[in-house]
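K.L.:
Okay, here's the structure, questions in a sec.
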Amino acid sequence: MNAFRLAGDMTHLLSIVLLLLKIRTMKSCAGISLKTQELYVLVFVSRYLDLFTNYISLYNSIMKIVFLATSITIVWYMRYHKVVKQTYNKEEDTFRHFFLALPCFILALLINRQFTVTEVFWTFSIYLEAVAIIPQLVLLQRSRNIDNLTGNYIFLLGYHNLLPSCLVEQQPNIHLSPCSRLLMLLLLLLL
């Protein structure tokens, strides 16, 4: 296993744990974008379509299940928990997040390694993950209210997204398409 992949998984997991900790202990999702969380559910559902058909390792399978379960749990809390859902600020979280999904899907149909269902959806998830944080950043800009746990969550999420570029630097045989490089650059500029 690559050290950068492990570090990326652990920082992403830590960001999710911090977010769940905030939601459970404070009974609040103030400052958190439901739109970003819904995009992450879409990212993981589309990326892990092969969960039951393609076994890679126990670690890989467990991480897929954990990321799926925690993402769905966060969205459930924000939408349906009787106390937490009252703290969600729908008026400030107005970014039309599904406008991000459609271009990412079209791009995945056009630019992928192999034109199969799982590969197109995996590619879609990569493109979508690169822009999924945009609704969260817009919400923070509008609300100007950020607590420590929310700030740490966003920092770790951004750090997690930077680690793939380190992986590419360490493995020169990986060739990214120009579009992938552009999306990576866009993500770096947004952070």
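The values are calculated or read from the model by the stated rules, or taken from the named source; none is laboratory data. Owing to the predicted nature of the structure, the values given are computational and were not obtained by experimental measurement. Don't worry about glycine lacking a Cβ; one is built from the backbone with ideal geometry, like all the others, and counts go over all protein chains shown. With ligands, DNA and RNA removed, areas are computed over all heavy atoms of the protein, side chains included. Shrake-Rupley method; radii C 1.70, N 1.55, O 1.52, S 1.80 Å.
K.L.:
Could you say whether any residue in the range 117-140 is in a loop (DSSP other than H, G, I, E, B), modelled with pLDDT under 90 and open to solvent by 40 Å² or more (accessible area, probe 1.4 Å)?
P.N.:
Checked against the condition, which is being in a loop (DSSP other than H, G, I, E, B), modelled with pLDDT under 90 and open to solvent by 40 Å² or more (accessible area, probe 1.4 Å), the range 117-140 yields no hits at all.
K.L.:
Looking only at residues in the range 88-147 that are touching an Asp or Glu at 6+ places or on another chain (Cβ under 9 Å) and charged (D, E, K, R), which one is nearest to Val45 (Cα to Cα)?
P.N.:
If we take residues in the range 88-147 being touching an Asp or Glu at 6+ places or on another chain (Cβ under 9 Å) and charged (D, E, K, R), then Arg113 is nearest to Val45 (Cα to Cα).
K.L.:
Follow-up question, since we're still on this one. List every residue pair whose Cβ atoms lie under 8 Å apart, where the two residues are 6 or more positions apart in sequence or sit on different chains, the first residue falls within the range 16-30 and is in contact (Cβ under 8 Å) with a residue 24 or more places away in the chain, and the second residue, located anywhere, is charged (D, E, K, R).
P.N.:
Lys22/Asp147; Ser28/Lys22; Cys29/Lys22; Cys29/Lys85; Ala30/Asp147
K.L.:
Considering only the range 90-112, state which residues are open to solvent by 30 Å² or more (accessible area, probe 1.4 Å) and over 17 Å from Ile134 (Cβ atoms).
P.N.:
Lys90, Glu91, Ile106, Leu109, Leu110, Ile111, Asn112
K.L.:
Are any of the residues in the range 40-47 at pLDDT 90 or above, closer than 23 Å to Leu6 by Cα and not in a helix (DSSP H, G or I)?
P.N.:
No, the range 40-47 contains no residue that is at pLDDT 90 or above, closer than 23 Å to Leu6 by Cα and not in a helix (DSSP H, G or I).
K.L.:
Given the residues Phe95, Phe99, Phe155, which is the only one that is out of contact with any Ser or Thr (no Cβ under 9 Å at 6 or more places or on another chain) and at pLDDT 60 or above?
P.N.:
Phe99
K.L.:
Only one of His97, His12 is touching a Leu at 6+ places or on another chain (Cβ under 6 Å) and not aromatic (Phe, Trp, Tyr); which?
P.N.:
Among His97, His12, only His97 is touching a Leu at 6+ places or on another chain (Cβ under 6 Å) and not aromatic (Phe, Trp, Tyr).
K.L.:
Same structure again: Criterion first (under 18 Å from the mean Cα position of the chain (by Cα) and not polar (S, T, N, Q)) does Ile74 satisfy it?
P.N.:
Considered against the rule, which asks whether it is under 18 Å from the mean Cα position of the chain (by Cα) and not polar (S, T, N, Q), Ile74 comes out as yes.
K.L.:
Just to verify a result, which residue in the range 16-39, among those that are among the β-branched types (Val, Ile, Thr) and open to solvent by less than 30 Å² (accessible area, probe 1.4 Å), is modelled with the lowest pLDDT?
P.N.:
Here the residue is Ile16.
K.L.:
Every residue in the range 91-130 that is of a type in the set (A, V, I, L, M) and touching a residue at least 60 places away in the same chain (Cβ under 8 Å), please.
P.N.:
Residues satisfying the conditions are Leu100, Ala101, Leu107, Ile111, Val117, Ile126, Leu128.
K.L.:
While we're here: Can you confirm whether Thr11 is of a type in the set (Val, Ile, Thr) and touching an Asp or Glu at 6+ places or on another chain (Cβ under 9 Å)?
P.N.:
no
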